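J.: Just passing along the structure, written as structure tokens.
The values are calculated or read from the model by the stated rules, or taken from the named source; none is laboratory data. What you are looking at is a predicted structure, and each value in this text was computed from that prediction instead of being measured. Neighbour counts are summed over all protein chains in view; Cβ atoms, including those assigned to glycine, are modelled from backbone coordinates with ideal geometry. Side chains included, ligands, DNA and RNA excluded: accessible areas come from the protein's heavy atoms. Shrake-Rupley method; radii C 1.70, N 1.55, O 1.52, S 1.80 Å.
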Amino acid sequence: MALQDVSQDVGQPKVAIFNDPKIRGWVYQILLLAVIVYLVVVGVQNMFANLAAQNIASGFGFMGRNAGFAISQSLLPYDQAASSYGKVYMVGLLNTVSIAFIGVILATVFGFVIGIARLSNNFVVRSVATVYVEVFRNIPLLLHIFIWYFGVLRLLPHPRDSADLGLLGLLNNRGWFAPKPIPQELFFLTGAAFVIGIVVMLGISNWSRKRQMETGQQFPVFLTGMGLIFGLPFLVFVFTGLPLIFEYPVAGGFRPKGGMTIIPEFMALLLALSTYTAAFIAEIVRAGILAVDKGQTEASHALGLRNGPTLRLVVIPQAMRVIIPPLTSQYLNLTKNSSLAVAIAYPDLVSVFGGTALNQTGQAVEILGMTMLTYLGISLLTSAFMNWYNARVALVER
Amino acid sequence: MADTSKNASLAFVRNDMLTEAAAPSGAVGTVAWIRNNLFSNWYNTVLTLLVLYIAYVIIPPVIRFGFIDAVWTGTDRQACSTIAQGGIMPDGWFGACWAYVDAYFNQFIYGRFPDESEWRVNVVFLMFFGGLAPLLIPSVPMKRANIIFVTAIFPVASFVLLTGGNLHYSGFLLPDFLMEPSALRFWTEIVLITLILLAIGVGIARGTDSDPKPTIVAILGFMGAIAVILALFAVDFGLSEVPTDRWGGLLVTLVIAVTGIAASMPIGIALALGRRSNMPIVKLVSVVFIEFWRGVPLITVLFMSSVMLPLFLPEGVHFDKLLRALIGVALFSAAYMAEVIRGGLQAIPKGQYEGAMALGLSFWQMMRMIILPQALTMVIPGIVNTFIGLFKDTTLVLIIGLFDFLGSIQLSFTDPTWASPVQQSTGFAFAAFVYFCFCFGMSRYSAYMERRLDTGHKS
């Protein structure tokens, strides 16, 4: 029996309009949009009504007005009597960025050391690293900050009998009074030598990579680089006659005079943030190194590479691919967590702008909006940078 | 060919084996282990000694503070201060004052919850841990009944127990000139909403030529359940009302953490599905929502919910302080939860989706019966980790003036009865211990689930 050729013109199947997934999708989306627009409109209307009822001004006019409160740490010249809320914002932002920046560096160093220690063959080192990680990451960050601030730094001696750290200045419960470097006339030459060293170093590393690709000859880039970046400025520094003097603090009755003050809030927050985040980074580093297949190490040994080059050229580059994405989110977490400064009144963005300035002006919407968008901006910038770096080190597949 | 077996006296081959000798004493035993593991070369030796020294500096003082020098009984600050500070301890003494923790224990757990009603909190704790423990142990049977208890009975019961129930509804949809504000108006509104939903459901079913019966059953079931719950909240069980500003301590910590995670689950699932959706607007809304909350610190979210949220509400509508914090926490953790769940959704092989579609399942049937059960099981460790993060983050509510566990410990420092130099150290040590026990326990569970779910082959 031959198959019958059914050549009916079927055409488009007849579907009820509401069963067409495309139309259905658009109906849902328009509904969703309508609900969101409705909520926003009602919210904004309510907001203006409430603001009018409470006699609160709106708009960003307050940014130019005089803030009139003191800030305990400022990287910009800040004057209580004359500086505006706009200045307060900048001071807070710089304080946040500075603590986040130093915190990220410290946390990375601690984290890598502890992460590698967790993989050590040495039983004592391994177990202490494990205990560190488990204890530090299972206690809330806020409690870390309180313990450092109230439990450790408050117990330091009174300014009258400050602990003398010798070359490092004085330490007491009002902070760390570090020697203040004062550059003299010719100091700029040392800075210039540093910059020149970096530039020359980049050139050399490019040239040596090219030469190695062509001839296979290696060049001691690392040693030359160290010599150029640190040795050259040092030589210039010595030959220009040590143009940098340190102003040492002198112990006084109420507080030491002179020097550079690092407030205890800064130290407590920095220690808490970096030790806490280090515990998470350590786990990331450990996971990254464990993720490199054992065959890679074995193959590298089979090619005749010793332990050092194997680690440097084979294991670490591959581990970095696994490490970088979660490391980025830890950096972002540290930056966002620096906002806990408000609990011990370190003058960061949330504390001075989202706290004091908000209480003085009452303009919650503008101030909180600006604060949140700032953090959002920092987060997006950091993740964009780390994505760019990640794309550079990522596996290039054929 | 010579036959060696004939003259055995000339055998070159040994006929019997030597007995096994013990390993050389330098390769086994404690000493060898120590030498191989701790002092194998010079830098290992240096490291070992350095780490042992650090441990020696840290551990004995901690043990002395916590146990040997600690004060276990006492009635006021005298027990925990030195003679120079007006107490009874010798000068130079520095130890924990556990007597103070004991005196404040109730406040740390219940806050200012009325003494005669503390049993209600205890019942809630008991139901919580009693319901959760068997749910978390995979081998315990009756998971379905357990889930119903934890997701339906427990929340309703704990709401009634903690607040006292006996709510009075007045309704708010129908205008006042039609009906006076009263419980009757509220229930009329519920019936009207049900009828409107039924009309829409039946209308859509008619329009798409499908059977209206399942829609009707679903709507009636859903609205019926809501009505029963609301009715239970309104019943007067004879429990006194406890306003939330009297809640505190561990109770508030657990309420925020558990409500936050429970509320963030459905929102997180919706956002994760939205982010993977083909519909551009839905996808955009989900991405913006998730990235916004993940990009800002929790403390600004809490500030926003306590300062800004009231501005967006119509006049006369006031949210409780705790409820406002809960909204902030829930939205914040929903964004993190969404990313965890998205990871699970992405790990499901495409064949599962195609198989479900080939069976003719609708989108929601496919999600409910095929995809989500697999995806959610896969991300249990991730969910537990999010929960640990949330549990630690609940401490932040003390900045907006709620007294959670850490907050009530801080509050106790203001009481002069126990004021002494060791009070803060003791309080923080106790807080650290309690948080550590909770978080460490949960992280062990998460690691256990990870091992259990690890099938040994990676896709």
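J.: Within chain A, which DSSP H helices have Cα atoms that stretch 30 Å or more along the helix axis and a mean Kyte-Doolittle hydropathy of at least 1.6?
T.: Working: long enough: A:21-53 (47 Å, 1.38); A:85-117 (47 Å, 1.84); A:187-215 (41 Å, 0.72); A:264-290 (39 Å, 1.41); A:364-393 (43 Å, 0.91).
Counting only whole DSSP H runs, the qualifying helices are A:85-117.
J.: In nm², what is the average projected area of the convex hull enclosing the Cα atoms of the protein assembly as shown?
T.: Details: hull surface 259.6 nm².
Computed as one quarter of the Cα hull surface, the answer is 64.9 nm².
J.: Compute the longest continuous run of chain B that contains no exposed GluC sites (Glu not before Pro); treat a site as exposed when its DSSP state is not H, G, I, E or B and it has at most 16 other Cβ atoms within 10 Å. Could the numbers behind the result be given before it?
T.: Values: sites that count: B:Glu20, B:Glu241, B:Glu315.
My reading of the result: B:21-240 is the longest stretch.
J.: Quick check: from the Cα gyration tensor, does the stretch B:56-118 come out rounded (a/c under 1.5), prolate or oblate? If you can, show how the numbers build up before the last one.
T.: Values: a/c = 3.79, a/b = 1.67, b/c = 2.27.
Judged from the Cα gyration tensor, the stretch B:56-118 comes out oblate (a/c at least 1.5, b/c at or above a/b).
J.: Long-range amide H contacts for A:Leu244: which residues qualify at under 5 Å (H placed 1.01 Å from N, peptide plane, sequence gap of 5 or more or a different chain)?
T.: Result for A:Leu244 returns A:Gln184.
J.: Note the angle between two axes, namely the Cα long axis of helix B:98-110 and the longest principal axis of the Cα atoms of chain B, as a number of degrees from 0 to 90, rounded to the nearest 10.
T.: 40
J.: Stretch B:Ile153-B:Lys283 to full length: gain in nm at 0.36 nm per residue minus the Cα-Cα span? The partial results should precede the final answer.
T.: Working: separation 130, 0.36 × 130 = 46.80 nm, distance 3.46 nm.
In short, 43.3 nm is gained.
J.: Taking R0 as 25 Å, what FRET efficiency do you get between A:Ala52 and B:Phe172 from their Cβ-Cβ distance, rounded to the nearest 0.05?
T.: Working: r = 23 Å, r/R0 = 0.93.
Step by step, r from the Cβ atoms, then E = 0.60.
J.: Oh, and also: What does a probe at B:Ala84 reach in the stretch A:164-184, counting residues whose amide N is under 18 Å from the point 7 Å along Cα→Cβ?
T.: The answer is A:173.
J.: Turning to a different aspect of this structure: Please work through the protein assembly as shown and write down the cysteines that have no neighbouring cysteine Cβ at a distance under 4.7 Å.
T.: By the Cβ distance rule, which asks for a partner under 4.7 Å, the isolated cysteines are B:Cys437, B:Cys439.
J.: I need the shape label for the stretch B:172-304. Rule: rounded when a/c is under 1.5, else prolate if a/b > b/c, else oblate, with a, b, c from the alpha carbon gyration tensor. Walk me through the intermediate numbers first.
T.: Details: a/c = 2.10, a/b = 1.07, b/c = 1.96.
Oblate, since a/c reaches 1.5 and b/c is not below a/b.
J.: Could you tell me the calculated FRET efficiency between A:Val200 and A:Gln80, based on Cβ-Cβ distance and R0 = 35 angstrom, to the nearest 0.05?
T.: Values: r = 46 Å, r/R0 = 1.32.
E between A:Val200 and A:Gln80, to the nearest 0.05, is 0.15.
J.: For the protein assembly as shown, what is the accessible area per residue in Å², given a 1.4 Å probe and the full set of protein chains? Write out the running numbers ahead of the final one.
T.: Working: 48330 Å² over 857 residues.
Accessible area per residue, the protein assembly as shown: 56 Å².
J.: Got the relative contact order for the stretch A:331-393 handy, in percent, Cα pairs under 8 Å and 6 or more residues apart?
T.: Working: 27 pairs, mean separation 16.6, N = 63.
Relative contact order for the stretch A:331-393 comes out at 26 percent.
J.: Using θ = phi - 60° and the Karplus curve 6.51 cos²θ - 1.76 cosθ + 1.60, what whole-Hz ³J(HN,Hα) does each residue of the stretch B:175-190 get, with Gly and Pro shown as x?
T.: x, 4, 6, 7, 8, 5, x, 6, 4, 4, 4, 4, 5, 4, 4, 4
J.: Which residue, A:Leu75, A:Leu349, A:Leu332, tops the fluctuation ranking in a GNM of chain A built on C-alpha contacts under 10 Å?
T.: Of the options given, A:Leu75 has the highest mean-square fluctuation.
J.: Could you name every residue in the stretch B:364-402 that has 30 Å² or more less accessible surface in the full protein assembly than in its own chain alone (probe 1.4 Å, ligands and nucleic acids excluded)?
T.: B:Lys392, B:Leu396, B:Ile399
J.: Would you check the accessible area of A:Lys180, probe 1.4 Å, heavy atoms only, in square angstrom rounded to 10?
T.: 90
J.: Counting only residues 5 or more places away or on other chains, whose amide H sits under 5 Å from the amide H of A:Gly68 once H atoms are built in the peptide plane?
T.: A:Ser83
J.: Moving on. If each of A:Ala291 and B:Leu323 carries a label point 7 Å out from its Cα toward its Cβ, how far apart are those two points in nm?
T.: Between A:Ala291 and B:Leu323, the label points sit 4.4 nm apart.
J.: Take B:Glu118 and A:Leu31, extend 7 Å from each Cα along the Cα→Cβ direction, and tell me the distance between the two endpoints in nm.
T.: Result for the modelled spin labels: 5.1 nm.
J.: Taking the 0 to 90 degree range and rounding to the nearest ten, how far is the long axis of helix B:280-295 tilted relative to the main principal axis of chain B, both from C-alpha atoms?
T.: Relative to chain B, helix B:280-295 is tipped by roughly 60 degrees.
J.: Also, I was wondering about something else. What does the net charge come to around A:Met267 if you take all other residues with beta carbon closer than 15 Å to its beta carbon, with K and R at +1 and D and E at -1?
T.: On the way: positive: A:Arg154, A:Arg174; negative: A:Glu265, A:Asp348.
Local net charge: 0.
J.: Roughly how large is the A-B contact in terms of buried accessible area, totalled over both chains, probe 1.4 Å, nearest 100 Å²?
T.: The buried area between A and B, both sides summed, comes to about 4600 Å².
J.: A 27 angstrom limit on the alpha carbon distance is what I want to check against. Which of A:Lys22/B:Lys350; B:Lys321/B:Lys392; B:Lys283/B:Lys392; A:Lys22/B:Lys213; B:Lys143/B:Lys350 exceed it? Could you put the intermediate results ahead of the total?
T.: On the way: A:Lys22/B:Lys350 22 Å; B:Lys321/B:Lys392 20 Å; B:Lys283/B:Lys392 31 Å; A:Lys22/B:Lys213 25 Å; B:Lys143/B:Lys350 29 Å.
With Cα atoms farther than 27 Å apart: B:Lys283/B:Lys392; B:Lys143/B:Lys350.
J.: Can you tell which of B:Gly260, B:Ala27, B:Phe433 lies farthest toward the positive end of the dipole of the protein assembly as shown, using +1 and -1 charges on the Cβ of basic and acidic side chains (Lys, Arg; Asp, Glu)?
T.: Of the candidates, B:Ala27 comes out farthest on the positive side.
J.: Using Cα centres only, tell me the gap between the stretch B:13-31 and the stretch B:225-287 in whole Å.
T.: The two parts, judged by their Cα centres, are 68 Å apart.
J.: Tell me which chymotrypsin sites (Phe, Trp or Tyr not before Pro) from the stretch A:191-287 have a DSSP coil assignment and no more than 16 other beta carbons within 10 Å of their own. It would help to have the intermediate numbers written out before the result.
T.: On the way: sites: A:Phe194, A:Trp207, A:Phe222, A:Phe230, A:Phe234, A:Phe237, A:Phe239, A:Phe246, A:Phe254, A:Phe266, A:Tyr276, A:Phe280; in loops: A:Phe254.
In loop regions of the stretch A:191-287 (DSSP not H, G, I, E or B), the sparsely surrounded chymotrypsin sites (Phe, Trp or Tyr not before Pro) are A:Phe254.
J.: If you stretched the chain out fully between B:Ala145 and B:Arg14, how much longer would it get, using 0.36 nm times the residue separation minus the C-alpha to C-alpha distance?
T.: On the way: separation 131, 0.36 × 131 = 47.16 nm, distance 7.14 nm.
Gain on stretching B:Ala145 to B:Arg14: 40.0 nm.
J.: Still on this structure, please answer the following. According to the square roots a ≥ b ≥ c of the eigenvalues of the Cα gyration tensor, what is the shape class of chain A, taking rounded for a/c under 1.5, prolate for a/b larger than b/c otherwise, and oblate for the remainder?
T.: Values: a/c = 2.01, a/b = 1.15, b/c = 1.75.
Oblate shape, in that a/c is at least 1.5 and b/c is the bigger or equal ratio.
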